[in-house]
1. Run the paramagnetic zone check for B:K715: 7 angstrom along Cα to Cβ, then residues of segment B:589-616 with backbone nitrogen under 15 Å.
2. Sort B:K202, B:K712 so the one with the fewest other Cβ atoms within 10 Å of its own Cβ comes first.
3. List the equivalent ellipsoid semi-axes of segment A:2-78 in whole Å, largest first, each obtained as the square root of 5λ for an eigenvalue λ of the Cα gyration tensor.
4. Kirkwood hydrodynamic radius of segment B:278-344 from all distinct Cα pairs, in Å?
5. Points 7 angstrom from Cα along the Cβ direction at B:D61 and B:E295: gap in nanometres?
6. Test of understanding: what is the full-extension gain from B:H121 to B:S321, defined as 0.36 nm times their sequence separation minus their Cα-Cα distance?
7. Once amide H atoms are built 1.01 Å from N in the peptide plane, which residues 5 or more positions from B:V597, or in another chain, come under 5 Å H to H?
8. Tell me, what HN-Hα J-couplings in whole Hz come from the Karplus equation 6.51 cos²θ - 1.76 cosθ + 1.60 at θ = phi - 60° for each residue of segment A:101-116, using x for Gly and Pro?
Amino acid sequence: MANYNLKINGKSYQVDVDEDTPLLWVLRDHLGLVGTKYSCGIAQCGACKVLIKDDAVPACVLPVSQVGEDEVTTIEGLSESGDHPLQEAWNEVDVAQCGYCQAGQIMAAAALLKKNPAPSDEEVMDAMNGNICRCGTYHRIKEAVLLASSKIK
Amino acid sequence: MKTLKTNRRDFLKIAATAGGGLLLGFHFTRCDSPSKMKVVTDEELMAQAVNYNSYLSISPDGHIVIFSPNPELGQNIKTSFPMIVAEELDADWSKVRVMQAFLDGEKYDRQVTGGSGAMPHSWERLRKAGATARMMLMEAAAKRLDVDISELSTEKGQVLHSGSKKKISYGDLAKDAAQLEVPEDVPLKKVKDFKIIGTPIKNVDNKAMFTGKPLFGLDIYKEGMMNAMVKRPPFGMKIKSVDDEEAKKVSGVTEIFTFGDNVAIVGISTWPLMKAKQKLKVEYEPKNGKLESSEMHNQLFTDLMKNGKAQVMRKDGNVNSAFRGAAKVVSAEYQCPFLSHSPMEPMNFYAHVKADGVELVGPTQTPDRARSAAAEIAGVDVEKVSVEMTRLGGGFGRRLRADFVEEAVSISKKIGAPVKVTWSREDDITGGAYRPAVRYRFEAALDKDNKMIGYKLRGVGMNAGNCTRENNFPSGSVDNLLIESIEYKSDLTTNAWRAPITNFLAFAEQSFLDEVAEAAGKDPVQFRYELLDRAKNKPVGEIHYDIDRMRGVIELVADKCGWGQKNGVGQGLSVYFSHRSYVAQVAEVRMEQGNPVLERIYAATDCGIVVNPTGADQQVRGGMVDGMGHAMFTNMTFRDGAPTQKNFDSYRLIRMKEVPEIEVHFVDNEIDPTGLGEPALPPTGGAISNAIYWATGKRLRNQPFIEQEELKEYKIGQRA
Ligand code: FES
Ligand code: FES
């Protein structure tokens, strides 16, 4: 066990956990930030994606000891009152079915739009292909990313 | 084994150094509100709301609380059911608050998600619940205004008086109206007067889902709760010995014990359990000799297809003489693998066995089954078991079972504490209850005029029960028909998997009918029309589908896709009736640089009245993506009683780039609505395989397509 100082959603946290504990389980079990989901645990599905600085990273394979000083953003911290352009677009397009994958989808999209505020269809698909949606909401995910992009402009 | 004395508070050494003091633990608030203006909590609302019936309470402040009794797993019932109540009530949708009801056998009689059956079951009940309350509100208003009820009407949560132009809100009337006698026969609205039904109403959990609120079973945390994971045996094996020496050393693990052929690992948080599970050494031995493998399954299919003792499911006319006198015989075999359900949220459940009962919380499609299972293990009456349903991160049939509930209850009972059992993805994929593997053999006899005079289907399924649907099309349209089913009792566990049996049968049958159409030299659409005409004009035996509705969806899809009018495109038709709805699909494949590219799939659906167009579109689309993904990519093979695919790196699910354009159309009618969670899935595989055939000349008979010899020469996969 060791102490780690983490910067998450603009707050500082101190946790005392084993160094190999993935950030995902620190968020979920120790900090109560359960918006970040577990599904595969091996960086295949994207359900656990969070932003580390501006990159979408699968938190299930990121040991807490490697997070360091980097700013972490989870779905809970994407906006103060749930009105990030992506969250609004996700509602307008009514993207979700079961909804379980959607936090990870939104975080992957957030990273994309940070780097590329006006992505093409192809660029959206490239960026989102690492996220599985078992319910098959892919068409609406794409539509919502493009809608959010138009809101940012 | 010694139990480490610890509680979550000790464990959670968390300090929030900026923006707000010390964070210790956390608790869950519900966030069911569809609207942004939520000020009142659910608890506050329920404290003042006046109850009208099992589905409905009205609060004096104007909020309408609608309870959704059925588990929500993405089929959107938590939105569409309340819409129906709100419609007949003439509620203002922006004032509606939807709450998930607990399991309650007295208030509701079918709290199940499965078989796309909820909508037909509850349509009238929900309408009456709304209409009855509306009538009571009008009566209360009539009294208060001292006018005749016939002078009153309702609109958006208000009762209006035509003469005086007076308006009284439902909230205002809530208490008075609830005192009145409940009227018996209330009139229901005409379809043309619907204002909420038929409009796209957004998912009521959107806000909570998109801001990361705890909605799902895996998000459950309760004070004093322990976590647990379980190591389960491969199929056909039992425990020989357990060595937990190393596993116990993992810090954060409090207890390891064996129950049945399972080993439970208990601790405070999830990660140490995952680590301990890796270190746990369990030796297994076969229960009775042979362990199952895919090679063995293939051999069994061959042997049983030839010599197995079949159960005759349907027999019309005399197939033997029809085939003897045939001018042409077409025959083919089709096969599919086992599949895991793999909802994105792995199995999990919370159980607290107390002295006087059991508290259950979690994602289940059958809360009732969860309750009886818990009662039996805990040795209490079912009335002493409460079941709270969380949102389900997918189900697809896997959560119809209660194995994960049983585990949670057994562990909670043993450790004397509340516990949440979590399955890893590997547990989920290797843990059983699969879509059964099936092989079908079809034979068709054509006479000299190319009329289908004989049809035989013989299915062999692994723990599939009856692997045919003997009364489905084309039964009723062929004079001589024989449908037989053979079941092999496998050690592998199987379970209903979205559109049970038809999820593969439809592909096989619709592909085979295309083979027959080709042999008969007929257009696939015309060929099906001919059969339907025949079923209509001279039905053979019983007909269990509506011929006109089936024809209707073919006509609609043929019209939308421009059937037979496109150059350089292979069009594949498939049509299926399942779970009371009719869906026809046409897939289009174009050759690009010598490779087949699936460009688009059109769907025409007849599910009666479309309650919520946005939700219905999702169900059809989702079913098609699901049907396509598993037909194309997903395989599950076995060695020594265990699957060789264990996680999404080898168990391949469809991704965004692999999905074609999809166009969704609905037949416009006023027939009572039927479910949509399943019916769009069965036709998709057949539409795709037929389109691939017409584009490449390669006939796919086995799934997954991507692994078949026929496609080896092509590059197939993600769009550029
Ligand atoms: S849970 Fe991390 S990528 Fe799947
Ligand atoms: S909405 Fe269910 S997994 Fe994506």
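None of the figures in this text is laboratory data; all of them are computed from the coordinates on show. Bear in mind the structure is a predicted one, so any value in this text is a computation, not a measurement. Note that we place each Cβ from the backbone using ideal geometry, even for glycine, and neighbour counts take in every protein chain shown.
1. Only B:591-598 pass the distance filter.
2. B:K712, B:K202
3. Equivalent ellipsoid semi-axes, largest first: 17, 14, 11 Å.
4. The Cα-based Kirkwood calculation yields 17.4 Å.
5. 6.9
6. 67.6 nm
7. Hits under the 5 Å cutoff: B:R590, B:M591, B:E592.
8. Karplus-based 3J(HN,Hα) across segment A:101-116 equals 7, 5, 4, x, 5, 4, 5, 4, 5, 4, 5, 4, 5, 5, 7, 9 Hz.
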